[in-house]
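J.: My questions all concern the structure below.
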Amino acid sequence: MTAIDDLLANNRNYVARHGHRELPTEPQLHLAVLTCMDSRLDLFGALGLDLGEAHLIRNAGGLASHDAIRSLLLSQRLLGTRSVMVIHHTRCGLESFEEQALQSELEAEFGVRPPFQLGAYSDINEDVRSTVRTLRESPFIDGTEIRGFVFNVDDADLREVLVPE
């Protein structure tokens, strides 16, 4: 059995316990969360969210990439979200390398430099501020409420990072 086989068995058990329920497509809290893909972030548990309440948009580092902005645009335009939480976290893998050095290593290995930034950073608070500013400045994002936070992976505490307007 592989990990995927185990997850498929888990799904069959989940379906048996939960049965059919039809949730609306629009998130009930009109909230989208841009966060990291890190498996240590249980944001449903830490924020007290339930299914159908918020969109979670995840990528390495919770960056305001073109695809994250695309997802937020569609979330707001088609599905009624208005508030955006940016949640980065402690001990993130993006703090563990230097951007240009890894870009050079990848170019040497693959023969081509990645056409995208990897997102390395050294100051988590400034990285949150930068992500929030990028979203606020985007013409595609409704900036009604965009706030930034740092999630502590060791104790699940959520700390707000103030970003002046």
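The values are calculated or read from the model by the stated rules, or taken from the named source; none is laboratory data. Everything quoted here is computed from the prediction, not taken from an experiment. With ideal geometry, Cβ positions are generated from the backbone for all residues, glycine too; neighbour counts draw on all protein chains shown.
J.: If you go through the stretch 21-36 one residue at a time, do you hit one that is among the basic types (Lys, Arg) and farther than 22 Å from residue 158 by Cα?
T.: Restricting attention to the stretch 21-36, the residues satisfying the condition of being among the basic types (Lys, Arg) are 21.
Next, from what is left, pick out any that are farther than 22 Å from residue 158 by Cα: 21.
Within the stretch 21-36, one or more residues are among the basic types (Lys, Arg) and farther than 22 Å from residue 158 by Cα.
J.: List, please: which pairs have Cβ atoms under 7 Å, are six or more places apart or on different chains, and start with a residue in the stretch 4-29 that is without any contact (Cβ under 8 Å) to a residue 40 or more places away in the chain and end with one that is surrounded by 10 or more Cβ atoms within 10 Å (Cβ to Cβ)?
T.: Once the first residue is without any contact (Cβ under 8 Å) to a residue 40 or more places away in the chain and sits in the stretch 4-29, its partners that are surrounded by 10 or more Cβ atoms within 10 Å (Cβ to Cβ) give 23/51; 23/52; 24/52; 28/52; 28/53.
J.: Does residue 91 fit the bill of being in a loop (DSSP other than H, G, I, E, B), surrounded by 13 or more Cβ atoms within 10 Å (Cβ to Cβ), in contact (Cβ under 8 Å) with a residue 24 or more places away in the chain and under 16 Å from the mean Cα position of the chain (by Cα)?
T.: Working: in a loop (DSSP other than H, G, I, E, B): yes; surrounded by 13 or more Cβ atoms within 10 Å (Cβ to Cβ): no; in contact (Cβ under 8 Å) with a residue 24 or more places away in the chain: yes; under 16 Å from the mean Cα position of the chain (by Cα): yes.
So residue 91 does not fit the description; no.
J.: Give the stretch 106-142 a look and list any residue that's of a type in the set (D, E, K, R), surrounded by 11 or more Cβ atoms within 10 Å (Cβ to Cβ) and modelled with pLDDT of 95 or more, or say none. Break it down into steps so the answer makes sense when it comes.
T.: Keep residues of the stretch 106-142 that are of a type in the set (D, E, K, R), which gives 107, 109, 113, 123, 126-127, 129, 133, 136-137, 142.
Those left that are additionally surrounded by 11 or more Cβ atoms within 10 Å (Cβ to Cβ): 107, 113, 126-127, 129, 133, 136, 142.
107, 113, 126, 127, 129, 133, 136, listed by residue number.
J.: Inside the stretch 5-29, can you point out the residues that are over 24 Å from the mean Cα position of the chain (by Cα), within 21 Å of residue 49 (Cβ to Cβ), among the acidic types (Asp, Glu) and surrounded by 10 or more Cβ atoms within 10 Å (Cβ to Cβ)?
T.: Within the stretch 5-29, no residue meets the criteria.
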